[in-house]
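Note sheet for the following structure.
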Amino acid sequence: MATIANSEGGKQRIRPLHIFGRQADRVDTLLLDPEASHIHATLRWTGALWLLTDHSTNGTWVNGDPIVSKQGTAITADYELQFGSPNVQAWSVMDVDAPRSVLIDPHEHETPIDGFIDLSDSDNATAIYETGVGDWVIERDGHVRPLKHMEVVELADKRAWTFWDGTPPADTVELSRSIPEPSFEFEVSLDEEHVRVLVTGLGEPISLGERNHHYLMLTLARRWLEDMSAGTGSDHSGWLDSESLSTMLGLTREHMNIQVCRLRQQLSGALGQTNAHEIVQRRPGQVRLRATGIRIVKGPNVMSYP
């Protein structure tokens, strides 16, 4: 992500719509010089570059030259920014990378969140993900709530991160993303020791190969298929109690949670989508697989819906 620094060693990450000014409760970078306006300037990611726009009374300078008020000026690395006067302290543009959402540890190390990240520990199944419309949520054991910029996320084992929201402004992201739901085909060995998964319905079939967590996926698929075939309806089909699922798989609750997270991560990576949480869904005490269609092939036996 883009960063700026001043001569006193102050370094700041830049938000996708970053505000400079003297009004502390409304700005991202607080300017202390009296020449600066309450809302002085904005630095905004357009989807391709950063534009600096002056909104002030006394002006904004880039590399010693005043910029035109209310007109965006492209900014690149090594530029010097001054707000209110060419004689005030300058902010140096360190880099101009695209914004991104990250978790920041107490040592200021950043962990990128590419749409989804698993933070599960021995006590909680925890994940952070983007909803698909620019919002972020945190899910703990099926409970989902909004996640705020700069919120500290703490886990039972004392790990803690600060969430940095790098989501671009609404008019630079596609809010009405329509991501089709996939179908899944399972190839199961007769002893059920091997489960291969194929994604269909999204163009060219995508092989997910064979993974340990695919038996969990198969178990969820069987419940979904059973409910749909009985006419339950897609909104209510496929839900399994987490405890029952753990027992069926012969796994501890912790290991089952890990497999659910690994399955979500694989789907997100393989499909190039950030909505794996909509395919493998959780709610308090329950989990399910949601799909357009399921086909399970085990030797000569085939089960499918529709």
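The values are calculated or read from the model by the stated rules, or taken from the named source; none is laboratory data. Computed from a prediction, not measured in an experiment: that's the story for all the values here. Virtual Cβ from ideal backbone geometry, glycine too; neighbours counted across all protein chains shown. Side chains are part of the model used for accessible areas, which takes the heavy atoms of the whole protein and leaves out ligands, DNA and RNA. Shrake-Rupley method; radii C 1.70, N 1.55, O 1.52, S 1.80 Å.
Here are some notes:
- Some residue of the range 270-277 being within 17 Å of ALA127 (Cβ to Cβ), under 22 Å from the mean Cα position of the chain (by Cα) and part of a strand (DSSP E or B): no
- Subset of the range 105-122 (residues that are open to solvent by less than 40 Å² (accessible area, probe 1.4 Å) and free of Cβ contacts under 8 Å to residues at least 60 places away in the same chain): ASP105, ILE113, ILE117, LEU119, ASP121
- Among residues of the range 70-89 being polar (S, T, N, Q) and within 22 Å of LEU32 (Cβ to Cβ), the one that is nearest to the chain's Cα centre (by Cα) is GLN82.
- Filter result for the condition that a residue is farther than 30 Å from GLY285 by Cα and touching a residue at least 40 places away in the same chain (Cβ under 8 Å), over ALA125, ALA36: ALA36
- Only residues that are in a strand (DSSP E or B) and within 25 Å of the chain's Cα centre (by Cα) were counted across the range 1-28, and they come to 8.
- Failed criterion for SER234 (all others in (1) among the small types (Gly, Ala, Ser); (2) at positive phi; (3) open to solvent by 30 Å² or more (accessible area, probe 1.4 Å) hold): (2)
- Looking across THR57, THR42, THR46, THR76, one residue alone is among the hydroxyl-bearing types (Ser, Thr, Tyr) and surrounded by 16 or more Cβ atoms within 10 Å (Cβ to Cβ). It is THR42.
- Some residue of the range 128-138 being closer than 18 Å to ARG262 by Cα and of a type outside the set (A, V, I, L, M): yes
- Between GLU181, GLU174, GLU192, GLU187, the distinction of being modelled with pLDDT of 90 or more and either in a loop (DSSP other than H, G, I, E, B) or of a type in the set (Gly, Ala, Ser) (or both) belongs to GLU192 only.
Yes/no matrix, rows are residues, columns are (1) open to solvent by 70 Å² or more (accessible area, probe 1.4 Å); (2) modelled with pLDDT of 90 or more; (3) acidic (Asp, Glu):
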{"residue": "ALA230", "(1), (2), (3)": "yes, yes, no"}
{"residue": "GLU243", "(1), (2), (3)": "yes, yes, yes"}
{"residue": "LEU251", "(1), (2), (3)": "no, yes, no"}
{"residue": "ARG262", "(1), (2), (3)": "yes, no, no"}
{"residue": "SER268", "(1), (2), (3)": "no, no, no"}
{"residue": "LEU271", "(1), (2), (3)": "no, no, no"}
{"residue": "ASN275", "(1), (2), (3)": "no, no, no"}
{"residue": "VAL280", "(1), (2), (3)": "no, yes, no"}
{"residue": "ASN301", "(1), (2), (3)": "yes, yes, no"}
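- Criterion: under 30 Å from LEU155 (Cβ atoms), surrounded by 12 or more Cβ atoms within 10 Å (Cβ to Cβ) and either of a type in the set (A, V, I, L, M, F, W, C) or touching a residue at least 40 places away in the same chain (Cβ under 8 Å) (or both) - qualifying residue of VAL96, VAL88, VAL62, VAL102: VAL102
- Number of residues in the range 45-73 that are assigned to a loop (DSSP other than H, G, I, E, B) and farther than 19 Å from ASN6 by Cα equals 13.
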